[in-house]
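Q: I have a structure I would like to understand better, so I am pasting it below and will then ask my questions one at a time.
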Amino acid sequence: MRVRRSRSIVVGALVAALTLALVAGAAARIEAPQKTTLTFWFWAELDAPGANKWLAQAVKSYEASHAGISIKVVEQPTDTFIATFTAAAAAKKGPDIAAQWATGPVLAPVWNGAITAISDLVPKSETSHWLNTSENTYGGKLWAMPVYLIGIPWVYNKDLFAKAGVAAPPRTWNDFTGACKKLRAKGITPFGFGNDFYWTTQLMLQDLNSLQDIVDAVAGKAKFTDAKYANFETAWKQAVDAKCFNDDVASLTVPKGQDLFATGKAAMTMGTDGTVRSWAKTLGASKVGVMRWPVYGKGALRNAYDATQSTSYFVTSWSQHKQEGADFLRSLHSAANLAAWYALTGVPPADDRFPVSKITSALDKTLYKLNTTGPQVWLQNFFPPQVDLDGNVPAQQLVLGGRGDGKAAAALRERAAARWRATKKDELKNWQTWKPVIAK
Amino acid sequence: MAGSGISTDAARREMESASLKPRARRGLRWWALVVPAALFLGVVFLYPLARLVQVSLHSGPNGNEGPATLDNYRFVLDDPIFRQAVRHNLALLLAVPIATLAAIAIALALHAGIRGWKAYRTVVFMPYMLSVPVLGSTFLFLYGLHGVVNSILGDVGLGGLAQDWWGDPHWALPSIGSLVVYHEVGFGVVLMLARLLALPPELFDAARVDGARWWQVQRYVTLPQLRSVITTYVVLELITMLSWVFAYVYSTTKGGPNFASYVLELYIFENGFTFQLPSFAAAVAVLLLIPTTLVIMLWLRRSRIAEVNLE
């Protein structure tokens with residue numbers, strides 16, 4: 001009897017303990033819901049030093065106010081920035097939120113079904129404040145969010161200009177080559193530059209009448225060897241003949257060439273807003289002047305500037321947390337985050353709610369005005385990476401290296417475009433129907 | 001008799017089973033040794049190779065779309081950039097005799113017992129220990145238009161020979177070739193010196209006693225003894241020039257200016273990763289595998305002949 005009773009006590013205790021454990025477990029599940037983790041592939045630091053710190057702060061603050069959300073930031077290296085996301089897009093597996101350079105690099109995954117339109121997730125009352133959204137608009141939808149704007153202004157050293165008797169920053173190409181000759185006569189290197197990436201192709205824009213022109217050439221409806229697309233190379237050849245560049249332009253990288261300006265050895269160069277700010281710090285803001293590109297072309301876009309939102313941020317199509325991702329992206333445009341962005345990077349954010357009065361330095365005011373006035377086109381965004389690498393880069397190396405003329409350079413670009421058309425037939429179909437809109 | 005017959009059968013069966021057992025055991029042991037090795041080879045070598053060929057015959061971002069065709073090979077063989085890359089890899093083969101002769105000369109000099117030869121051996125081997133990107137960055141500086149090499153040429157009155165080594169399309173590839181030679185010579189010297197130090201000194205003494213001069217000793221004693229090492233080194237360098245120069249090119253010119261130093265590995269890298277065209281990359285990899293395999297087979301055949309001759 002005693003044994004049976006004690007056995008039933010033990011069994012009863014076990015059942016009670018099990019029930020308690022189950023109830024406690026269920027309660028714990030109710031009390032602590034699982035956290036949603038958003039993986040964010042981020043890139044911006046190279047454009048805007050301080051961007052990584054800004055994002056870390058923004059994430060910390062967002063996680064503090066959204067207990068159920070955790071954001072894992074994965075910084076992306078520049079060299080593999082496009083390739084890594086393209087591979088993820090092909091596998092439809094990867095981050096919830098990601099960054100890509102605007103226009104072409106954003107639209108290619110849009111066409112492959114890898115991106116969810118951000119205009120489906122964020123109300124128009126919000127997106128209407130974002131700047132340069134036309135860069136990522138396709139099929140009536142906005143696909144990615146801007147954070148900042150940058151351009152490629154030309155800069156000049158006021159002291160060296162004065163020394164050579166160059167009275168004003170060159171407005172036309174003739175002014176530019178004329179200034180080069182005056183500077184050379186005084187033993188000053190006119191323009192510090194390198195030869196490893198594209199930028200010189202931006203001048204092509206000045207002979208175009210619309211963005212449709214460039215899309216047509218990429219898609220094969222026109223040829224890059226046509227005068228409209230090839231004339232600008234002659235301008236660069238004129239600059240080479242006028243000895244505008246440092247004598248080692250063919251073997252230096254662009255940053256090394258720009259260093260000649262930063263160290264006061266060259267009178268001019270071009271660079272992104274962030275680098276211009278750093279040169280102003282090195283040389284003294286009063287010595288550095290900023291100007292638009294001198295005009296060579298005769299197209300309707302000859303006066304367009306080259307500001308872009310650079311990288312854009314979007315929600316992937318395979319994310320299980322699309323709305324949460326979009327909500328976080330939207331939070332990056334809060335007043336506090338916009339102010340923090342400017343404070344940490346010195347780059348004005350791409351949002352019309354940002355109080356311009358916060359921009360105090362003359363240089364920043366000039367840059368902001370350039371970036372937000374008139375039509376804006378960063379032409380590189382309209383070239384598939386394959387055409388850019390196999391066409392624009394070698395074409396620039398040919399001309400700046402003094403080894404070929406505009407005709408040969410244009411033939412290289414057309415060859416690269418023809419190769420792209422032959423190898424990327426699916427992408428080509430999208431380019432053939434694409435009607436791009438200019439940012440204003 | 002009947003009883004005796006039974007015992008004979010039993011003895012025969014016992015004998016048969018006794019003779020089968022070791023055979024079966026040997027068979028099992030054979031399988032136990034061969035199967036893991038075969039599996040390892042299959043997983044590590046044969047499967048990737050088969051997959052590479054499969055990708056090269058198909059299309060799409062994962063190389064598994066469409067019917068199997070030779071279109072990728074046709075496209076690649078028609079591509080002027082590919083042809084340019086092939087020419088550049090072939091031109092780089094010229095660096096092999098230069099590196100080999102330099103390695104032989106240095107090894108012989110060190111073997112002659114010059115004072116401090118051990119220190120010199122370390123110095124010569126040092127570039128081989130450095131990573132290629134480090135050497136690439138250093139050579140970018142050395143060969144710059146305003147770099148050390150041109151400065152020295154200017155200082156010794158040979159300023160007319162100064163070149164834009166990286167920026168001039170005629171000099172970019174030879175500059176890379178010289179970087180490869182600089183890196184690889186140390187490896188050759190160490191290989192050859194190790195062989196020379198393993199030879200008995202009596203071999204050289206006997207030749208000298210017979211009245212052989214320094215050059216004759218090298219020609220008739222040293223070089224024949226080095227033949228197998230030289231062959232191995234040449235084969236390794238040929239393979240390097242065909243399919244191991246990516247790091248040299250990427251850390252210096254990235255194939256430029258205007259494709260002047262573009263090589264097959266860069267073609268594979270850009271198509272496979274940057275342009276997301278893995279089928280073209282696979283086709284070139286298969287094409288590149290053919291000459292590399294031929295070189296290795298020739299080497300193996302030659303080694304076998306040498307072994308037979310020795311026997």
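Q: Which ones in segment B:261-271 are crowded, with 24+ Cβ neighbours inside 10 Å and facing chain A (nearest Cβ under 10 Å)?
A: The answer is B:TYR262, B:ASN271.
Q: Within segment A:411-422, is there a residue that is charged (D, E, K, R), within 11 Å of chain B (Cβ to nearest Cβ) and under 22 Å from the mean Cα position of the chain (by Cα)?
A: No; the residues of segment A:411-422 include none that is charged (D, E, K, R), within 11 Å of chain B (Cβ to nearest Cβ) and under 22 Å from the mean Cα position of the chain (by Cα).
Q: Out of (1) touching a residue at least 24 places away in the same chain (Cβ under 8 Å); (2) assigned to a helix (DSSP H, G or I); (3) under 28 Å from A:ARG302 (Cα atoms), what's the single condition that is false for A:LYS182?
A: Going through (1) touching a residue at least 24 places away in the same chain (Cβ under 8 Å); (2) assigned to a helix (DSSP H, G or I); (3) under 28 Å from A:ARG302 (Cα atoms) one by one, A:LYS182 breaks only (1).
Q: Considering only segment B:208-311, give the helices (runs of 4 or more DSSP H) lying wholly within it that have at least 2 residues that are in contact (Cβ under 8 Å) with a residue 12 or more places away in the chain.
A: The helices (runs of 4 or more DSSP H) meeting that bar are B:223-243, B:246-250, B:264-269, B:278-310.
Q: Would you be able to tell me the number of residues in segment A:249-269 that are within 14 Å of chain B (Cβ to nearest Cβ), surrounded by 21 or more Cβ atoms within 10 Å (Cβ to Cβ) and of a type outside the set (Val, Ile, Thr)?
A: Total satisfying the criteria: 6.
Q: Residues in segment A:210-225: is at least one over 23 Å from A:ILE438 (Cα atoms), more than 14 Å from every other protein chain (Cβ to nearest Cβ) and assigned to a loop (DSSP other than H, G, I, E, B)?
A: yes
Q: Name the pairs: first residue in segment A:159-173 and closer than 16 Å to A:PRO294 by Cα, second residue aliphatic (A, V, I, L, M), Cβ to Cβ under 6 Å, at least 6 apart or on different chains?
A: Correct list of pairs: A:VAL166/A:ALA179; A:PRO169/A:MET291; A:PRO170/A:ALA179; A:THR172/A:VAL295; A:TRP173/A:ALA235.
Q: Identify, from the list A:GLY104, A:GLY113, A:GLY68, the residue that is touching a residue at least 24 places away in the same chain (Cβ under 8 Å), at positive phi and of a type outside the set (Val, Ile, Thr).
A: Result: A:GLY113 is the single residue among A:GLY104, A:GLY113, A:GLY68 that is touching a residue at least 24 places away in the same chain (Cβ under 8 Å), at positive phi and of a type outside the set (Val, Ile, Thr).
Q: I'm checking my understanding of the structure. Among residues of segment A:423-440 that are within 22 Å of the chain's Cα centre (by Cα) and in a helix (DSSP H, G or I), which one is surrounded by the most Cβ atoms within 10 Å (Cβ to Cβ)?
A: Among those that are within 22 Å of the chain's Cα centre (by Cα) and in a helix (DSSP H, G or I), it is A:TRP431.
Q: Shifting gears a bit: Within segment A:193-209, track down each residue that is β-branched (Val, Ile, Thr) and more than 14 Å from chain B (Cβ to nearest Cβ).
A: Across segment A:193-209, the qualifying residue is only A:THR201.
Residues checked against (1) modelled with pLDDT under 95; (2) surrounded by 24 or more Cβ atoms within 10 Å (Cβ to Cβ); (3) more than 14 Å from every other protein chain (Cβ to nearest Cβ); (4) touching a Ser or Thr at 6+ places or on another chain (Cβ under 6 Å):
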{"site": "B:SER243", "(1), (2), (3), (4)": "yes, no, yes, yes"}
{"site": "B:PHE273", "(1), (2), (3), (4)": "yes, no, no, no"}
{"site": "B:PRO278", "(1), (2), (3), (4)": "yes, yes, no, no"}
{"site": "B:LEU287", "(1), (2), (3), (4)": "no, no, yes, no"}
{"site": "B:ILE290", "(1), (2), (3), (4)": "yes, no, yes, no"}
{"site": "B:LEU294", "(1), (2), (3), (4)": "yes, no, yes, no"}
{"site": "B:LEU298", "(1), (2), (3), (4)": "yes, no, yes, no"}
{"site": "B:SER303", "(1), (2), (3), (4)": "yes, no, yes, no"}
{"site": "B:ASN309", "(1), (2), (3), (4)": "yes, no, yes, no"}
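Q: Quick one: how many residues across segment B:125-153 are small (Gly, Ala, Ser) and more than 24 Å from the chain's Cα centre (by Cα)?
A: Result for segment B:125-153: 3.
Q: Can you tell me how many residues within segment A:357-400 are away from chain B (no Cβ under 14 Å), hydrophobic (A, V, I, L, M, F, W, C) and out of contact with any Leu (no Cβ under 6 Å at 6 or more places or on another chain)?
A: Selection size over segment A:357-400: 7.
Q: Output the residues belonging to segment A:166-205 that are buried (at least 19 other Cβ atoms within 10 Å of the Cβ) and β-branched (Val, Ile, Thr).
A: A:VAL166, A:THR177, A:ILE188, A:THR189, A:THR200, A:THR201
Q: Can I ask one more? Just one of the numbered conditions (1) touching a Phe, Trp or Tyr at 6+ places or on another chain (Cβ under 6 Å); (2) under 28 Å from A:PRO375 (Cβ atoms); (3) not β-branched (Val, Ile, Thr) is not true of A:ASP273; which one?
A: The one condition A:ASP273 does not meet is (1).
Q: A further question follows. Working only within segment B:131-167, note down all residues that are touching a residue at least 40 places away in the same chain (Cβ under 8 Å) and either in contact with a Lys or Arg (Cβ under 6 Å, 6 or more places away or on another chain) or within 9 Å of another protein chain (Cβ to nearest Cβ) (or both).
A: Within segment B:131-167, B:LEU140, B:TRP166, B:GLY167 meet the criteria.
Q: Can you tell which of B:VAL185, B:VAL149, B:VAL134 is loosely packed, with under 14 Cβ neighbours inside 10 Å and either touching a Cys at 6+ places or on another chain (Cβ under 7 Å) or more than 23 Å from A:GLN396 (Cβ to Cβ) (or both)?
A: The match here is B:VAL134.
Q: Another question, if that's okay. Could you please find all residues in segment A:115-140 being in contact with a helix residue (DSSP H, G or I) (Cβ under 9 Å, 6 or more places away or on another chain) and over 24 Å from A:PRO95 (Cβ atoms)?
A: A:LEU131, A:GLY140, listed by residue number.
Q: Just to check your reading of the model, which residue among A:LYS256, A:LYS221, A:LYS243 is within 24 Å of the chain's Cα centre (by Cα), basic (Lys, Arg) and over 21 Å from A:GLY346 (Cβ atoms)?
A: A:LYS256
The values are calculated or read from the model by the stated rules, or taken from the named source; none is laboratory data. What you are looking at is a predicted structure, and each value in this text was computed from that prediction instead of being measured. When we count neighbours, we look across all protein chains shown, and the Cβ atoms used for this are built from the backbone with ideal geometry, even at glycine.
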